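Please read the structure below before turning to the comments.
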Amino acid sequence: MPKGLFHALSRLTRIPVRIFVRPNRRINAAMWDTQYALGLWNYLDGMSDGTVPLSLIESWAPRPTILDLGCGTSANLPLTPGRYRHYHGVDISRKAIAQARALDRPDTSFEVADIRHFRSTDRYDAILLREVIYYLSETESVALLRRLPELLTPRGRIVVQVYDVSQTEDFVRLIRSCGLPLVAELPTRLGDGPAGALFVLAAPSQATNPSPGELTGEAARS
Ligand SMILES: C[S@@+](CC[C@H](N)C(=O)[O-])C[C@H]1O[C@@H](n2cnc3c(N)ncnc32)[C@H](O)[C@@H]1O
């Protein structure tokens, strides 16, 4: 299906999907599985520009451990072997996770789970929410953001990515005001898409001053 038509259809179905489908974990998972089975998200796989670069995470945590919530197939996330200690991807869609596992990248693990209820005893240097926060309700998003600091290492940070700041205004407002210190807000762009942003959040207990060389536009691009 052409990308434009898909986006028009998804705009039309947004409200009923939000009200009737998303609150139910099983129906929500089935809906995402269907979309992955139809290949509707294949176009994302080659779009590594505009997504979170490893160099950004390295600016606060060399050889980081990474948790990617709503990871999809994870194919578009640049992961250079040897530059990260471990990557764990979580997604509600079994189909997406099967595709992610098939990539067979070193030092990775995957899990099928609903991020609204995700719990772990592990701690991470970076927790990524790439193009997923606006699929939750506003209440769920705030609850998730406020819970994530307990999964961070002392040097850890949270990165929230949205591909279109103007279409996700409510969520952008919510990210900025969720109560976690906003360390940086970096412009980004997915392919030839609209203006997006990466929001870097710290745990409330962390100092928010960026370390030297951290969070520059250079780190965000390379
Ligand atoms: C637009 S895709 C983005 C995928 C990937 N993060 C990326 O940026 O390429 C949204 C992803 O979020 C996942 N997702 C949506 N709601 C979720 C939930 N409640 N729990 C876990 N994953 C969810 C979907 O299955 C899908 O893979």
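What follows draws every value from the coordinates through simple rules; no lab data is involved. Not measured: the values here are computed from a predicted model. Reconstructed Cβ throughout: ideal geometry from the backbone, glycine too, with neighbour counts over all protein chains shown.
A few points about this structure:
- Highest mean packing comes first when the peptides 35-47, 158-170 are listed by Cβ atoms within 10 Å, giving 158-170, 35-47.
- Peptides 123-133, 23-33, 81-91 ordered by average Cβ neighbours within 10 Å, highest first: 123-133, 81-91, 23-33
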